[in-house]
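The values are calculated or read from the model by the stated rules, or taken from the named source; none is laboratory data. What you see is a predicted model; the values in this text were computed from it and never measured. Here Cβ is always computed from backbone atoms with ideal geometry, including for glycine, and neighbour counts include all displayed protein chains.
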Amino acid sequence: MANTSKIQDLFNSELIVLNVGPKSFSTALEDQGYKTVQVNWKPIAGGDAEMQKLLGILGY
Amino acid sequence: MDIKLQIEEANKKVTEIFTKARPIWTKIEPAIDAIPGMTANKILVAGPPIKIEDVTIPVRNAVCGAAVHDGLAATTEEAWKKVEAGEIIIDSAQNYNCGCSATMATSASMPVIVCEDKQYGGVGYAPIHPGNSPKVLRWGYYDDEIEAHLQFFRDTYGPALNEAVQLAGGIDVVNVLARTAGMGDENHNRLFASSMFLDLQLMEYLPDIKNPKKDEVIKELAINDRFMLHVLMAAVEAITAAAKKVPYSTVMVGMGGNGVEFGIQVAATGNKWYTAEAPLILGSLLNPTYTVDDMLPYLGDSCVTEVYGLGGMAAVSAPAYVRMTGGTLEDAKERTDRARTVSLGEHSFNQVPWDDFKGSPAAIDVRKVVALNTLPISHGGSGLKKGGQAGAGSCELPLDCFKEALRGVAAEVAPQEV
C-alpha cells in the first residue's frame, strides 16, 4: 500500500498559494484570509509569436 | 561563428565602448569644416528622417532661420520654397554623428562642439547650447534679435570658446560627469552641477584668450546653467559613432524625435532608423494656460544622453528633476531599475549614494526591451506646436520602434532565418 503520509501532511499544513498571473487572483484569496506569493511572470515579448521567433534567432 | 555568439561578443564590445570611452571636447569649428558629409546647402535637424510636408512648424521656422543665417535665402519664405524644391536639404543630424536638441537646426556656418574619443576612434558633434532664453532657434523662433545672437555665436562666442578649449588642451567630458556625480544631476534636463564644473574648466583659460570680446563671452557662458548638455551630446555622439561600427550588436546607439515620429538606431544596422508614433513628454508646463493639445510629440536629439545611460536612465541621480515630472523618489529609483533590467553595463563614474552606490545603467539591449516588455524612460523638454517650450517631463519609449528594430537587426544578421 502506498505511503500517503507526506501528501496527508501537505493537506494538513497551512495553505500558501503561489499565484502566477493577474495579481487580482491572489488579492481575492488574501481577502479571504489565505496567504499568497505573487510571481511576476510575463510571457516573453508579451506572447507576441513573431517577436518570440526573432528573439530566438537573435540568441535571446 | 554562430550568430548568437557573434551577437554576444559584439554586445560585449559595445558595452565596453559605452563604459570605457573617454570623449574629449577638443575644439569648436564651423559645421562644414568639422562634420564629414556636411555641405553648404544642408541643414541638420533632430530625430529620424521626415517628409518635407510633415515637418512641424517650429522645425520649419528653425530650418528657414538657419537658411537665411547662412545666406541660402533672403527671406524665410524663400528658404522654405528652396527646401520644397530640394535646393536646401534637411537631414537627420544623428546620421552625421551630430546631436540637435529640440527644434535646433544646424547649418554649415554654425559653430559646433567637437568631441573626440581616442580610445575607440569616434568623433561627435553638436551645436553650442544657446542659453536659457526661450526665444531661440532651438525652440522654433527666428527674428532679427535671434539672427544677431546667431552671429555672435558664429563670430565671437564659438571662436572664443574654441580658444579656451585649445588652451586647456581639451576637456575630458567623463571627468566632468564623474566629479559632479552625486550632486543631483541626471544630465539631460538637470545639469546645474556639471555645467558649473565645466565652466570652471573654461574659466581658468578664458582670461588668457586673445578674443577682444571675452567679457561678453564670459557673461554668455555664466548665464547658461544647461551649457553642459550640448557638450555631453557631442561626447555621446563620439561614443555611438564607434559603436555604430560594431556589426551584430543589438545595443541601442541612437534615438530622437522629429515631432511626429520617434526613432531609435541599433549598432548592428548603424544609421538605419526604426520608428513609431512619437510619445508626448508629460510633466510640468511652463505656463498654466498650456494644455496637452498645445504640445508637440517628442522632438529633439537630447535623449542621446539616455542612449548613453543618463537622463531618465539615471533618474535616481536627480530626485528633484523627477519631482518636476510628477514623480517621487521611489519613481526615480524605479526608472533607473527599469533601465538596469534592459541594460548590459554600468557607469562606474556615476555611482549614486542613495542608490547603494550602484552605477547608472548603460548599453540598452533592444532584445531585452522587447522580451521583457520593459520600456525605458526618457526625460526631456516638451515643445509647443506653434513654437516655444511647453515644459519638461518624461515619457516611456515606444515599444513599436524596438519591435521594428528586432525585425531590422534579424534581417541584417540572419536573413536566411527570417
Restricting to segment B:321-331, and then to whatever is under 21 Å from the mean Cα position of the chain (by Cα) and among the hydrophobic types (A, V, I, L, M, F, W, C), can you tell me which residue is modelled with the lowest pLDDT? B:Met324
Considering segment B:5-19, residues that are within 14 Å of chain A (Cβ to nearest Cβ) and acidic (Asp, Glu), and then whichever is surrounded by the most Cβ atoms within 10 Å (Cβ to Cβ), we arrive at B:Glu8
Return the residues of segment A:31-60 that are more than 9 Å from every other protein chain (Cβ to nearest Cβ) and surrounded by 14 or more Cβ atoms within 10 Å (Cβ to Cβ); say none if nothing qualifies. A:Thr36, A:Gln38
Out of the residues in segment B:365-388 meeting the condition of being more than 14 Å from chain A (Cβ to nearest Cβ) and within 16 Å of B:Arg335 (Cβ to Cβ), tell me which one is surrounded by the fewest Cβ atoms within 10 Å (Cβ to Cβ). B:Ile377
Give the number of residues within segment B:43-59 that are more than 19 Å from B:Tyr141 (Cα to Cα) and surrounded by 20 or more Cβ atoms within 10 Å (Cβ to Cβ). 2
Can you say whether B:Gly124 is assigned to a strand (DSSP E or B) and either in contact with a strand residue (DSSP E or B) (Cβ under 7 Å, 6 or more places away or on another chain) or at pLDDT below 95 (or both), as far as the supplied structure shows? yes
Among B:Tyr157, B:Tyr142, B:Tyr125, the single one that is closer than 14 Å to B:Gly65 by Cα and not polar (S, T, N, Q) is B:Tyr142
Report yes if B:Leu5 is outside any helix (DSSP H, G or I) and either in contact with a Gly (Cβ under 9 Å, 6 or more places away or on another chain) or under 21 Å from B:Gln151 (Cβ atoms) (or both), otherwise no. no
Name the residue, out of B:Arg338, B:Arg367, that is in contact (Cβ under 8 Å) with a residue 40 or more places away in the chain and within 24 Å of A:Trp41 (Cα to Cα). B:Arg367
Does B:Gly270 count as of a type in the set (Gly, Ala, Ser), surrounded by fewer than 24 Cβ atoms within 10 Å (Cβ to Cβ) and closer than 30 Å to B:Ala414 by Cα? yes
Filter segment B:247-278 down to the residues that are among the β-branched types (Val, Ile, Thr) and within 19 Å of B:Ala363 (Cβ to Cβ) and list them by number. B:Thr250, B:Val251, B:Val253, B:Ile264, B:Val266, B:Thr269
Inspect all residues belonging to segment B:195-218 and state whether any of them is among the hydrophobic types (A, V, I, L, M, F, W, C) and within 19 Å of the chain's Cα centre (by Cα). yes
Considering segment B:78-126, residues that are acidic (Asp, Glu) and in contact with a Pro (Cβ under 9 Å, 6 or more places away or on another chain), and then whichever is surrounded by the most Cβ atoms within 10 Å (Cβ to Cβ), we arrive at B:Asp117
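Among the residues that make up segment B:212-229, is at least one of them touching a residue at least 12 places away in the same chain (Cβ under 8 Å), in a strand (DSSP E or B) and either aromatic (Phe, Trp, Tyr) or in the same structural domain as B:Ala392 (by TED's automatic domain parsing) (or both)?
So far as segment B:212-229 goes, no, none of its residues is touching a residue at least 12 places away in the same chain (Cβ under 8 Å), in a strand (DSSP E or B) and either aromatic (Phe, Trp, Tyr) or in the same structural domain as B:Ala392 (by TED's automatic domain parsing) (or both).
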Could you look through segment B:174-218, keep only residues that are in contact with a strand residue (DSSP E or B) (Cβ under 6 Å, 6 or more places away or on another chain) and of a type in the set (Gly, Ala, Ser), and pick out the one that is surrounded by the most Cβ atoms within 10 Å (Cβ to Cβ)? B:Ala181
Could you identify the single residue in B:Ser284, B:Ser302 that is in the same structural domain as B:Val370 (by TED's automatic domain parsing), modelled with pLDDT under 95 and over 13 Å from B:Phe18 (Cα atoms)? B:Ser284
Residue under question is B:Ala73, and the condition is that it be out of contact with any His (no Cβ under 7 Å at 6 or more places or on another chain), in contact (Cβ under 8 Å) with a residue 12 or more places away in the chain and surrounded by fewer than 21 Cβ atoms within 10 Å (Cβ to Cβ); does it hold? yes
When B:Leu280 is evaluated against the numbered criteria (1) part of a loop (DSSP other than H, G, I, E, B); (2) surrounded by 17 or more Cβ atoms within 10 Å (Cβ to Cβ); (3) among the hydrophobic types (A, V, I, L, M, F, W, C), which criterion, by number, is the only one it fails? (2)
Name, by its number, the condition in (1) among the polar types (S, T, N, Q); (2) loosely packed, with under 10 Cβ neighbours inside 10 Å; (3) within 14 Å of chain B (Cβ to nearest Cβ) that does not hold for A:Ser5. (3)
If you take just the helices (runs of 4 or more DSSP H) that sit entirely in segment B:284-402, which of them hold at least 2 residues that are under 30 Å from B:Val246 (Cα atoms)? B:304-308, B:329-341, B:366-371
